[in-house]
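A.B. asks: Sharing a structure, written as structure tokens. Questions coming.
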Amino acid sequence: MLLEKMLQSQGFGSRKHCQQLIKNGAICIQGELQTDLKLRVNLENLHFSVFGEDYIYREKVYIALNKPQGFECSHQPQHHQSVFHLFPDTLRERGLAAVGRLDQDTTGLLLLTDDGQFLHGLTHPKRHVPKVYHVTTVDPISEQQLIALEKGVELHHEKGIFVATEVQLLNEHQLSMTIHQGVYHQVKRMLAAVGNKVESLHRQRIGLLDLPELEQGEWIYLDPQQVMAAQQGGNS
Ligand code: URA
């Protein structure tokens, strides 16, 4: 691939800007300064640097973020900061998008990608990819509430029944539950439907992928096994 095209694909701006970077001596390929605009690079295992900062060529990016509270999963946030501000410009430039949304006050596993197929595969309503949430409630959790969540509840303006599986009481005010759809405020509305209220909410798992060990606000690139794991557990 032409060097300037490779740089553009990795989020370094317009073709013109990438040409400028090359001409200005900002680019090293596998450790060697390259100023030739006609250079073609082999993408396999490609390490490069821009102004001394190291990068690995990635055809697509798959990211796990431990989302902190107070961030909206939108490029145009209304009342809080955008989660996209937790990432470098290059990732925003290459079209990073969140795989579904978490509320601004929800913490935990958020996947982000620039792979449209992966995004649509995971968010398609028919896939029913399981998502595990840890819920802290305002009121003590009763046995009846656990049973009602497992039996399923109706939600205003939504069709069908919303069931939680693998419902586990962790302590008087905390439970873990798995949901298989992803309608707006689903967990909060399900808890309200059984007569309780969510105090705080944390997503622990998507598909078979557990939240990696990350501080809030930290993120990592997922490896191919982790990308696979996130897609498992639902309908294929
Ligand atoms: N359910 C909710 O109510 N909020 C979230 O952020 C995710 C699931």
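The values are calculated or read from the model by the stated rules, or taken from the named source; none is laboratory data. Note that this is a predicted model, so its numbers are computed, not measured. Please note: Cβ atoms are built from the backbone with ideal geometry, for glycine as well, and neighbour counts cover all protein chains shown. Remember, those area values only see protein heavy atoms, side chains included, never the ligands or the DNA or RNA. Shrake-Rupley method; radii C 1.70, N 1.55, O 1.52, S 1.80 Å.
A.B. asks: For the range 194-213, which residues satisfy the criterion of being in a loop (DSSP other than H, G, I, E, B), closer than 21 Å to L119 by Cβ and among the aliphatic types (A, V, I, L, M)?
C.D. replies: First pass over the range 194-213, keeping only residues in a loop (DSSP other than H, G, I, E, B): 194-197, 207-208, 211-213.
With closer than 21 Å to L119 by Cβ added as a condition, the list becomes 207-208, 211-212.
Once the filter is applied, which keeps residues that are in a loop (DSSP other than H, G, I, E, B), closer than 21 Å to L119 by Cβ and among the aliphatic types (A, V, I, L, M), the range 194-213 yields L208, L211.
A.B. asks: Go through the residues of the range 41-62 one by one and say whether even a single one is open to solvent by 60 Å² or more (accessible area, probe 1.4 Å), charged (D, E, K, R), within 25 Å of the chain's Cα centre (by Cα) and within 30 Å of H202 (Cβ to Cβ).
C.D. replies: Checking the range 41-62: at least one residue is open to solvent by 60 Å² or more (accessible area, probe 1.4 Å), charged (D, E, K, R), within 25 Å of the chain's Cα centre (by Cα) and within 30 Å of H202 (Cβ to Cβ).
A.B. asks: For the structure I just gave you, tell me whether H173 is open to solvent by 40 Å² or more (accessible area, probe 1.4 Å), assigned by TED's automatic domain parsing to the domain that holds K151 and within 18 Å of L119 (Cα to Cα).
C.D. replies: On the way: open to solvent by 40 Å² or more (accessible area, probe 1.4 Å): yes; assigned by TED's automatic domain parsing to the domain that holds K151: yes; within 18 Å of L119 (Cα to Cα): no.
The answer is no for H173.
A.B. asks: So is I56 among the β-branched types (V, I, T) and farther than 26 Å from R127 by Cα or not?
C.D. replies: Numbers: among the β-branched types (V, I, T): yes; farther than 26 Å from R127 by Cα: yes.
Criteria met by I56.
A.B. asks: While we're looking at this one, here's another question. Which ones in the range 107-139 are assigned to a strand (DSSP E or B) and surrounded by fewer than 16 Cβ atoms within 10 Å (Cβ to Cβ)? Show your work before the answer.
C.D. replies: Initially, the range 107-139 is screened for residues assigned to a strand (DSSP E or B), giving 107-113, 131-137.
The answer is T136, and nothing else.
A.B. asks: Right, here's the next one. Across the range 21-42, which residue is nearest to M1 (Cα to Cα) among those that are of a type in the set (V, I, T) and part of a strand (DSSP E or B)? Before the answer, list the steps.
C.D. replies: Filtering the range 21-42 down to residues of a type in the set (V, I, T) leaves 22, 27, 29, 35, 41.
From what is left, the residues that are part of a strand (DSSP E or B) are 27, 29.
Details: I27: 15, I29: 13 Å.
If we take residues in the range 21-42 being of a type in the set (V, I, T) and part of a strand (DSSP E or B), then I29 is nearest to M1 (Cα to Cα).
A.B. asks: Using beta carbons and a limit of 6 Å, which pairs, at least six apart or on different chains, have the first residue in the range 180-197 and over 20 Å from I147 (Cβ atoms) and the second one open to solvent by 50 Å² or more (accessible area, probe 1.4 Å) and part of a loop (DSSP other than H, G, I, E, B)?
C.D. replies: Filtered contacts from the range 180-197: V183/E158.
A.B. asks: Looking at (1) in contact with a helix residue (DSSP H, G or I) (Cβ under 6 Å, 6 or more places away or on another chain); (2) of a type outside the set (S, T, N, Q); (3) over 23 Å from S9 (Cβ atoms); (4) in contact (Cβ under 8 Å) with a residue 60 or more places away in the chain, find the lone condition where C73 falls short.
C.D. replies: Against the list (1) in contact with a helix residue (DSSP H, G or I) (Cβ under 6 Å, 6 or more places away or on another chain); (2) of a type outside the set (S, T, N, Q); (3) over 23 Å from S9 (Cβ atoms); (4) in contact (Cβ under 8 Å) with a residue 60 or more places away in the chain, C73 comes up short only on (4).
A.B. asks: Further question: Just to be sure, is L191 of a type outside the set (K, R), under 21 Å from G100 (Cα atoms), assigned to a helix (DSSP H, G or I) and within 13 Å of the ligand (Cβ to nearest atom)? Explain how you work it out, then say what you get.
C.D. replies: Numbers: of a type outside the set (K, R): yes; under 21 Å from G100 (Cα atoms): yes; assigned to a helix (DSSP H, G or I): yes; within 13 Å of the ligand (Cβ to nearest atom): yes.
So L191 fits the description; yes.
A.B. asks: Residues to consider are H173, H157; find the one that is modelled with pLDDT under 95 and away from the ligand (no atom under 14 Å from the Cβ).
C.D. replies: The unique qualifying residue is H157.
A.B. asks: Mind listing whichever residues of the range 141-166 are open to solvent by less than 70 Å² (accessible area, probe 1.4 Å) and farther than 14 Å from H180 by Cα? Step through it out loud before you land on a result.
C.D. replies: Start the filter on the range 141-166 by keeping residues that are open to solvent by less than 70 Å² (accessible area, probe 1.4 Å), which leaves 141-142, 145-146, 148-149, 152-153, 155, 158, 160, 162-165.
Within the range 141-166, I141, S142, Q145, L146, A148, L155, E158 meet the criteria.
A.B. asks: OK, next. Limited to the range 87-106, what total is found for residues that are away from the ligand (no atom under 16 Å from the Cβ), open to solvent by less than 50 Å² (accessible area, probe 1.4 Å) and either in contact (Cβ under 8 Å) with a residue 40 or more places away in the chain or of a type in the set (S, T, Y) (or both)?
C.D. replies: Within the range 87-106, the first condition is being away from the ligand (no atom under 16 Å from the Cβ), and the residues that meet it are 87-97.
Next, only the ones that are open to solvent by less than 50 Å² (accessible area, probe 1.4 Å) stay: 87, 90-91, 94-97.
Keeping just the survivors that are either in contact (Cβ under 8 Å) with a residue 40 or more places away in the chain or of a type in the set (S, T, Y) (or both) gives 87, 90-91, 94.
So the answer is 4.
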